[in-house]
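The values are calculated or read from the model by the stated rules, or taken from the named source; none is laboratory data. Quick caveat, the model's predicted, so the values are computed rather than measured. Don't worry about glycine lacking a Cβ; one is built from the backbone with ideal geometry, like all the others, and counts go over all protein chains shown. Calculation scope for accessible area: heavy atoms of the full protein, side chains included, ligands and nucleic acids excluded. Shrake-Rupley method; radii C 1.70, N 1.55, O 1.52, S 1.80 Å.
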Amino acid sequence: MYVAVKGGEQAIDNAHAWMAERRRGDTDVAELTTDQIREQLALAVNRVMAEGSLYDPDLAALAIKQSRGDLIEAIFLIRAYRTTLPRFGASEPLDTAAMACDRRISATFKDAPGGQILGPTFDYTHRLLDFKLAAEGGAPRAETADSDPVPVPHISSILGTEGVLQPEPRTDTTPRDLTREPLSFPADRAVRLQSLTRGDEGFLLGLGYSTQRGHARNHAFVGELRIGMVPVEMEIPELGFAIEIGEIEATECETVNQFKGSKTEPPQFTRGYGLVFGQSERKSIAMALVDRALRWEELGEENVGAAAQDAEFVLSHSDNIQATGFVEHIKLPHYVDFQAELELIRRLRREAEAAQAPAPDAPAERTKEQEPAE
Amino acid sequence: MPTTEPAASRQRWMSVLARAPERDLIALWDAFAAKPAFEWLRRPETGAVMVRGRMGGTGGPFNLGEMTVTRCSVQTDGGLVGHAYVQGRSQPKAEAAALIDALMQGGDAARVEAEIVAPLETGMTEKKQVQAAKAAATRVNFFTMARGEDE
């Protein structure tokens, strides 16, 4: 039986009011400002921009405040907001070789031209809690050194000249856009990269890790990891030429992978690529590992059935907004569905009981069946 | 890319205006005495630009994600047309940038350059130099330890 229900408006309003009070927390403690979030929780802001797929640090900070620090909820808010914006156009592809590098390391060449620049990193810290930060932290100052403006070329451009690295020939085809047309398969590499760069960091981290543990055969070195500001250029229709419309922080990771060659490709190093908004080092490395694993087909490698090789599996499950929507929706009222299932279970149980019951002339059973239904 | 000289210089100042910190741009514009009267050709509008990257840094383009941009167009009472495309969602910044773009094409160009565009550019360059100096301080200088075979 189905009973239509309506109501709950008051309960919902009150639940939201309580949520707002909880969000504010103890009013004896100063309220957090979005400027503080942008400046002091910058890596959370970066993650929300990358997976929200919208570069705007102030909006990401607001979303983090509104979501009480639930970053997937914050990403959801940013995704919803970005759908309200008119699209002015697309930028020229970023020239990451021209990045002003805050950090630039190579695990393959000690003496990389341009040097190993550690930048503001957690690497080499001891991962001990710093209780000084629990008190007033003060304003630490970074050291400076004379900086000759030396060029910092991509490591791949150095290996490339020797021919031992698979080239990435420049093309200018317009890439398909996942925000304008739904994901479909087979997905070309441009679509895969768009999907990965906005994909969930935790999911990609797990998949990237799986490739290292043997669930897709490729042994990766970080050829280069660089973080810094890159100008964004766009051709302005009113002017007929391109200007810089802004500048964004980005993290780029290029892996270099062993490759013995295949039917179609000579022995050479192959490449995985990660490019992510903000300082997003873990995500960009994981992205590069997964990108490389997904390239098995174009490189003529064997599909060993690893999850990270399965484009449909990876791309269909990497979006944390789609994932959270479907996973979490099962908590919402399913009274009618459940009622139907309950009726089915009751009927099956009655049938099973009837099948096991003694001969039909048994008096006790007959009496029970004659009882009115509850 | 523009090849003509006027386009190249306009490209420069528009890029400076787009990237300039809102606070600095507004402060310099507020202090500028010769603001013209103007009409909107297009009122400020915030939208998104899809930022693209290249696969492997050099290959074919792919969509990285969007960024917020605000644009507008003005015409001054002197007949100069100015456009702005600036990063972020600030309409006052876009308005000031479009008016500065207009003035940079007229008789006040030298004054606007000296009082607004050049100071903005200098400020941003200095900030970049400080950042580069901090990065340089974290550059690793390897030195070779005693090697085993030397013993």
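Exactly one residue among A:ALA145, A:ALA216 is in a loop (DSSP other than H, G, I, E, B), outside the structural domain of A:ALA44 (by TED's automatic domain parsing), aliphatic (A, V, I, L, M) and modelled with pLDDT under 85, and that residue is A:ALA216.
Screening A:ILE248 on (1) more than 10 Å from every other protein chain (Cβ to nearest Cβ); (2) open to solvent by less than 10 Å² (accessible area, probe 1.4 Å) shows it passes everything except condition (1).
Look through segment A:326-358, keep the residues that are of a type in the set (D, E, K, R) and within 26 Å of A:PHE76 (Cβ to Cβ), and return whichever of them is surrounded by the fewest Cβ atoms within 10 Å (Cβ to Cβ).
Applying the filter and picking the extreme gives A:LYS331.
Listed here are the residues, each with its yes/no results for (1) within 25 Å of A:ALA112 (Cα to Cα); (2) at pLDDT below 90.
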| residue | (1), (2) |
| --- | --- |
| A:SER157 | yes, yes |
| A:GLU181 | no, no |
| A:THR197 | no, no |
| A:GLY206 | no, no |
| A:GLU224 | yes, no |
| A:PRO237 | no, yes |
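For segment A:234-273, give me each residue that is within 25 Å of the chain's Cα centre (by Cα) and closer than 19 Å to A:ALA293 by Cβ. Once the filter is applied, which keeps residues that are within 25 Å of the chain's Cα centre (by Cα) and closer than 19 Å to A:ALA293 by Cβ, segment A:234-273 yields A:GLU252, A:CYS253, A:GLU254, A:THR255, A:VAL256, A:ASN257, A:THR270, A:ARG271, A:GLY272, A:TYR273.
Of all residues in segment A:147-176, those that are within 19 Å of A:MET99 (Cα to Cα) have Cβ atoms under 7 Å from Cβ atoms of residues that are among the aromatic types (Phe, Trp, Tyr) and open to solvent by 60 Å² or more (accessible area, probe 1.4 Å), 6 or more apart or on another chain, in A:ILE155/A:PHE109. Every listed requirement among (1) open to solvent by 60 Å² or more (accessible area, probe 1.4 Å); (2) in a loop (DSSP other than H, G, I, E, B); (3) of a type outside the set (A, V, I, L, M, F, W, C) is met by A:PRO153 save one, (1). No other residue among A:ARG23, A:ARG82 is within 30 Å of A:ALA242 (Cβ to Cβ) and touching a residue at least 12 places away in the same chain (Cβ under 8 Å) apart from A:ARG82. Number of residues in segment A:86-126 that are within 15 Å of B:ALA135 (Cβ to Cβ), open to solvent by 60 Å² or more (accessible area, probe 1.4 Å) and under 22 Å from the mean Cα position of the chain (by Cα): the value is 0.
Of A:LEU159, A:LEU178, A:LEU204, which residue is within 14 Å of another protein chain (Cβ to nearest Cβ) and closer than 25 Å to A:ALA50 by Cα? Before the answer, list the steps.
Numbers: A:LEU159 fails: closer than 25 Å to A:ALA50 by Cα; A:LEU204 fails: within 14 Å of another protein chain (Cβ to nearest Cβ).
The unique qualifying residue is A:LEU178.
Among the residues of segment A:177-194, those identified as in a loop (DSSP other than H, G, I, E, B), touching a residue at least 24 places away in the same chain (Cβ under 8 Å) and of a type in the set (A, V, I, L, M, F, W, C) are A:LEU183, A:PHE185, A:ALA187. Scanning segment A:59-85 for residues being open to solvent by 50 Å² or more (accessible area, probe 1.4 Å) and within 13 Å of another protein chain (Cβ to nearest Cβ) gives a total of 4.
Remark: B:GLN75 falls outside the filter, which requires a residue to be at the interface with another protein chain (Cβ under 10 Å from one of its Cβ atoms) and at pLDDT 95 or above. Restricting segment B:73-86 to residues that are surrounded by 24 or more Cβ atoms within 10 Å (Cβ to Cβ) and of a type outside the set (Val, Ile, Thr), the residue that is farthest from A:SER195 (Cα to Cα) is B:GLY82. The single residue among A:ARG38, A:ARG47 that is open to solvent by less than 60 Å² (accessible area, probe 1.4 Å), under 18 Å from A:GLN66 (Cβ atoms) and outside any loop (DSSP other than H, G, I, E, B) turns out to be A:ARG47.
Please verify whether segment B:107-129 includes one or more residues that are over 16 Å from A:GLU247 (Cβ atoms) and in contact with a strand residue (DSSP E or B) (Cβ under 9 Å, 6 or more places away or on another chain).
Keep residues of segment B:107-129 that are over 16 Å from A:GLU247 (Cβ atoms), which gives B:107-119, B:122.
When the remaining residues are screened for being in contact with a strand residue (DSSP E or B) (Cβ under 9 Å, 6 or more places away or on another chain), the result is none.
No, every residue in segment B:107-129 fails to be over 16 Å from A:GLU247 (Cβ atoms) and in contact with a strand residue (DSSP E or B) (Cβ under 9 Å, 6 or more places away or on another chain).
Taking A:PRO231, is it more than 21 Å from the chain's Cα centre (by Cα), of a type outside the set (Ser, Thr, Tyr) and open to solvent by 30 Å² or more (accessible area, probe 1.4 Å)? Yes; evaluated as a whole, the condition is true for this residue.
If you scan segment A:41-58, which residues turn out to be more than 12 Å from A:ARG198 (Cα to Cα), away from chain B (no Cβ under 12 Å) and either in contact with a Lys or Arg (Cβ under 9 Å, 6 or more places away or on another chain) or modelled with pLDDT under 95 (or both)?
Of the residues in segment A:41-58, the ones more than 12 Å from A:ARG198 (Cα to Cα) are A:41-45, A:56-58.
Still in the running and away from chain B (no Cβ under 12 Å): A:41-45.
If the condition is that a residue be more than 12 Å from A:ARG198 (Cα to Cα), away from chain B (no Cβ under 12 Å) and either in contact with a Lys or Arg (Cβ under 9 Å, 6 or more places away or on another chain) or modelled with pLDDT under 95 (or both), then A:VAL45 is the only one that fits.
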